[in-house]
Amino acid sequence: MSNKTYAILGGGGSFGIHAALWLLDHANPRKVIGIGRNPLRERAFSLDIDQRDGYEYHARHVTYEIDLLLELLDREKPEIIVNFAAQGEGAVSWKHSWRFFETNSMALARLCEELMKRDWLERFIQIGTSEMYGSVDRPVTEDEPIKPSSPYAASKVAFDMHLLSISRFLKFPMNILRPSNAYCPGQLLHRVVPKAIVSGLLGEKLPLHGGGKAEKSYIHARDLGRAIHLVAEGAPLGAVYNVGPSEPTSIRRVVELCAEAVGVPFEKLCEVSGDRLGQDSRYWLDSSAIKRDVGWEPRIDWAEGLSEMVNWARANLVALKRAPRDYTLRA
């Protein structure tokens with residue numbers, strides 16, 4: 001099947017890279033094009049994807065270089081566009097919050113208005129966020145009332161609502177995926193899983209916000225890549241899908257699992273710190289719709305996923321030791 005060209009916006013990030021790797025290995029694509037705001041990072045983070053046959057990468061900024069981005073897309077005519085591009089990080093979005101709307105809402109609305117004029121586009125897949133449901137006490141479906149708990153989540157909600165309206169009234173061919181927290185080799189070190197693994201290997205302490213009581217749902221980015229592929233090949237246009245595991249895991253338990261994977265005692269790895277602003281206490285998704293429509297459910301368990309993380313961190317420890325551990329907001 002397939003033999004289509006895929007373009008992945010936000011393609012320089014770890015989730016975009018894993019989606020590209022999955023498509024190269026399983027979708028029989030004509031080509032996979034990664035597009036991000038920067039050149040690819042060093043190999044510890046890019047995973048040497050630029051060495052793969054059938055893949056190419058271009059630096060184009062979705063907010064400030066939309067003309068150059070459209071020139072590239074018009075030249076390549078990708079049938080499937082997957083959008084990961086976003087200002088991420090709910091925790092830092094309370095400051096400079098307009099930047100999150102500038103990228104996550106405005107820039108993408110401008111892009112889709114242009115894409116509506118292109119007859120080569122078959123499907124636009126938006127990677128949304130499960131943070132838009134806020135903190136919940138049960139697994140929630142896609143029609144759960146929206147309760148964003150940060151400017152980041154609100155900015156993602158705004159574009160989801162826009163996509164739903166142009167899909168319904170203007171027949172824009174789209175799907176929205178709302179994944180739970182993903183983790184993977186190549187992930188930047190301000191995220192809890194790679195930070196815990198690298199800290200454990202280097203003998204450093206990890207601050208645990210609020211004792212790690214908050215519960216999040218986690219999937220491996222390769223499982224997300226498979227969800228994207230299945231939706232691209234066979235989901236009804238206009239459908240919205242949660243993409244997550246059946247049960248959430250407390251942050252404390254995640255760090256305990258990371259400590260076990262690295263082989264250090266939990267107490268040596270952690271120090272408890274205060275909660276962060278707007279920290280949701282539980283993210284929990286009902287992902288039965290995507291299972292029903294395209295047969296997706298997560299396959300990679302914690303043991304397999306964390307063993308892979310440890311192997312990646314050991315192989316790249318020199319580069320990871322000097323890599324930043326904190327998130328920096330950039331245009």
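The values are calculated or read from the model by the stated rules, or taken from the named source; none is laboratory data. Remember, predicted model here, so these are calculated numbers, not experimental data. Because the Cβ atoms are built from the backbone with ideal geometry, glycine has one as well, and the counts that use them run over all protein chains shown. Calculation scope for accessible area: heavy atoms of the full protein, side chains included, ligands and nucleic acids excluded. Shrake-Rupley method; radii C 1.70, N 1.55, O 1.52, S 1.80 Å.
Take the residues in region 137-159 that are in a helix (DSSP H, G or I) and aliphatic (A, V, I, L, M), then tell me which one is least open to solvent (accessible area, probe 1.4 Å).
Restricting to residues being in a helix (DSSP H, G or I) and aliphatic (A, V, I, L, M), the top hit is 153.
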List pairs: first in region 216-239 and within 12 Å of residue 178 (Cα to Cα), second part of a helix (DSSP H, G or I), Cβ under 6 Å, 6+ apart or cross-chain? 228/19
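Tell me which strands (runs of 3 or more DSSP E) are completely within region 160-243 and hold 2 or more residues being more than 23 Å from residue 297 (Cα to Cα), or say none if there are none.
Details: elements: 174-179, 181-183, 206-209, 218-220, 240-243.
Strands (runs of 3 or more DSSP E) meeting the threshold: 206-209.
Just checking, does region 120-132 include any residue being more than 19 Å from the chain's Cα centre (by Cα) and surrounded by 19 or more Cβ atoms within 10 Å (Cβ to Cβ)? Let's see the steps before the verdict.
Looking only at region 120-132, we keep the residues that are more than 19 Å from the chain's Cα centre (by Cα), and these are 120-122.
Going one step further and asking which of them are surrounded by 19 or more Cβ atoms within 10 Å (Cβ to Cβ), we end up with 121.
So far as region 120-132 goes, yes, one or more of its residues are more than 19 Å from the chain's Cα centre (by Cα) and surrounded by 19 or more Cβ atoms within 10 Å (Cβ to Cβ).
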Hits in region 213-249 - residues which are open to solvent by 30 Å² or more (accessible area, probe 1.4 Å) and over 17 Å from residue 124 (Cα atoms): 213, 215, 222, 246, 247
Kindly indicate whether any position in region 307-315 is in contact with a Phe, Trp or Tyr (Cβ under 8 Å, 6 or more places away or on another chain) and among the aliphatic types (A, V, I, L, M). yes
Please count how many residues of region 161-180 are surrounded by fewer than 20 Cβ atoms within 10 Å (Cβ to Cβ) and within 17 Å of the chain's Cα centre (by Cα). 0
Qualifying helices (runs of 4 or more DSSP H) (wholly inside region 1-95; at least 2 residues being in contact with an Asp or Glu (Cβ under 8 Å, 6 or more places away or on another chain), among the aliphatic types (A, V, I, L, M) and surrounded by fewer than 22 Cβ atoms within 10 Å (Cβ to Cβ)): 66-76
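Out of the residues in region 96-119 that are without any contact (Cβ under 8 Å) to a residue 40 or more places away in the chain and surrounded by fewer than 16 Cβ atoms within 10 Å (Cβ to Cβ), state the one that is nearest to the chain's Cα centre (by Cα).
Of all residues in region 96-119, those without any contact (Cβ under 8 Å) to a residue 40 or more places away in the chain come to 98, 102, 113, 117, 119.
Then drop every residue that is not surrounded by fewer than 16 Cβ atoms within 10 Å (Cβ to Cβ), which leaves 98, 113, 117, 119.
On the way: 98: 21, 113: 23, 117: 27, 119: 27 Å.
The selected residue is 98.
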